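Read the structure below first, then the notes.
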Amino acid sequence: MVDFVIRGGAEVIVVQFLDRFGRNPREILRRYWDLEEHGVAVIATDEDIQEELLLLIKAGMAGAESRRTSERVRAYMGRAVEKGVHVGRPPYGYRRIREAEGARWEQDPLEAPIVREMFSLSVEENLGYKAIADRLSEAGHRARGNRPFASFTIQKILSNEALKGTLVYGKRPKKGNPERELVTVEDFFPAILTQEEWQRLQQRLSIRREHARGQAHASDYLLSGIVRCGNCGGPMIGKVGSAYKGRRYRNYWCSKAVQSRAACPTYNGHSAPKLERAILEYLGEFSDPARVRELVAEGQQRNLKAAEAELGRVDRRIDHLEREFLKHLDLLNRGILNEEEFTKANEAKRQEIEQLRSRKADLEEEVQRQQDQAAMVNRVPAMVRSFLKDFEALDIRRQKAHLQTILKAAHVHRDGRIELEFRS
């Protein structure tokens, strides 16, 4: 409206109260003065805004009233949700059934099967949002309003906790509104996905977010998005080499070395069939729980001891610096040191303490991660056995989807050494 009238669309704007003109005093006054500078008059029918001081007061009151109204609405909606009342449109896959004693929810017989299809296409076939939307549209399915499915529609549906039966309110506060605690009601909807299926779906979506635009998932190289250069840590990409005697050879190359030798000076390239076979054979060793314990123990004990030792040193240093600070504080209180001397004596210590606390948090996380690897001994063998058993029967996308749930990365060195990094 402001742009329209400034371009000459009108000379006067009539409003009942100024709180319709913006959400806060700054917004209200900015618009009012902007219009005034362009010769557009603003008239409020139910309040006087002609005097400058009165205008400022009225704008402040209007902004406060707007905020109070928004807060009252949000508070009411939050209380309603806590009592089990759904606020807003029904989530995709559900419908509300109104009855004499109230309302109940049930799975929509047309939409719920489509949600199940979305789940299957994402988890089992490793498709992205756009690919899922295209597949559903090709099958003749339509979104609400008889519109074709779009990638953002699929993303919104698959990220909604309603699929597992949970009602969540306050997840996306509007711009300008204060943050509020989430209101969560379990078992509110008749779940379309089980808790296990929901976790699998979120893991798959999380894995896809690790790689830009899904290129690693669309590639026909099994290890794309998994294999990394053992020298620089950069991703290794699948490339078809030049033809030799009528045959083209598939290889993995360090992407950083391909772009610039300054980024990675190591000429790290491997035949794709040989590298894939080597990693699968090495992965097969992890199907035996005893072998997993042996392999995990080799690195775990060494890394855990090193992390715990450094954590002890950091704790002792922090304790020493804090005692020094308290001594200087006592000298300041007794008048032996003035404020300038106190600040000068402790500024370096304060900065060091901040750095040490940051390092301590990293070390505590590392120690916890090392300790959590013990659970991997019981989890990984069964997953590896299941993957290797089904591997040959799966197409490349499904092979990659299953492998990604086991391996976070496979670090490959120039000499052929392989280090596997399992998902926690």
Exercise. Among what's in the stretch 219-249 and is of a type in the set (Phe, Trp, Tyr) and modelled with pLDDT of 80 or more, pick the residue that is farthest from Ile396 (Cα to Cα).
Key: Tyr249
Practice problem: Only one of these is at pLDDT 65 or above, exposed (fewer than 12 other Cβ atoms within 10 Å of the Cβ) and over 34 Å from the mean Cα position of the chain (by Cα): Ala44, Ala103. Name it. | Solution: Ala103
Quiz item: Any chance the stretch 264-272 includes a residue that's under 17 Å from Arg414 (Cα atoms), exposed (fewer than 14 other Cβ atoms within 10 Å of the Cβ) and of a type outside the set (Val, Ile, Thr)?
Solution: yes
Exercise. With respect to Gln371, determine if the residue is polar (S, T, N, Q), at pLDDT 85 or above, under 30 Å from Ile318 (Cβ atoms) and exposed (fewer than 15 other Cβ atoms within 10 Å of the Cβ).
Key: no
Quiz prompt | Whichever residue in the stretch 249-265 is in contact with a Gly (Cβ under 8 Å, 6 or more places away or on another chain) and part of a loop (DSSP other than H, G, I, E, B) and, among such residues, is farthest from Met236 (Cα to Cα) | solution = Tyr249
Self-check item: Some residue of the stretch 341-363 being among the β-branched types (Val, Ile, Thr) and either exposed (fewer than 13 other Cβ atoms within 10 Å of the Cβ) or touching a Cys at 6+ places or on another chain (Cβ under 6 Å) (or both)
Solution: no
Quiz item: What number of residues in the stretch 117-156 are in a helix (DSSP H, G or I), within 21 Å of Ala401 (Cβ to Cβ) and not aliphatic (A, V, I, L, M)?
Solution: 11
Quiz prompt | Residue in the stretch 157-167 that is in a strand (DSSP E or B) and surrounded by 14 or more Cβ atoms within 10 Å (Cβ to Cβ) present | solution = yes
Quiz item: Among the numbered criteria (1) touching a residue at least 40 places away in the same chain (Cβ under 8 Å); (2) of a type outside the set (Ser, Thr, Tyr); (3) not in a helix (DSSP H, G or I), which single criterion is violated by Ile336?
Solution: (1)
Self-check item: Selected residue (criterion: nearest to the chain's Cα centre (by Cα)) from residues of the stretch 1-35 that are assigned to a loop (DSSP other than H, G, I, E, B) and either among the β-branched types (Val, Ile, Thr) or modelled with pLDDT of 85 or more (or both)
Solution: Met1
Quiz prompt | Hits in the stretch 242-271 (condition: over 15 Å from Arg228 (Cβ atoms) and in contact (Cβ under 8 Å) with a residue 40 or more places away in the chain) | solution = Tyr267
Quiz prompt | Count of the stretch 224-237 residues which are of a type outside the set (S, T, N, Q), touching a helix residue (DSSP H, G or I) at 6+ places or on another chain (Cβ under 6 Å) and surrounded by 17 or more Cβ atoms within 10 Å (Cβ to Cβ) | solution = 4
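The values are calculated or read from the model by the stated rules, or taken from the named source; none is laboratory data. Bear in mind the structure is a predicted one, so any value in this text is a computation, not a measurement. Cβ coordinates were reconstructed from backbone atoms using ideal geometry, including for glycine residues, and neighbour counts include every protein chain displayed.
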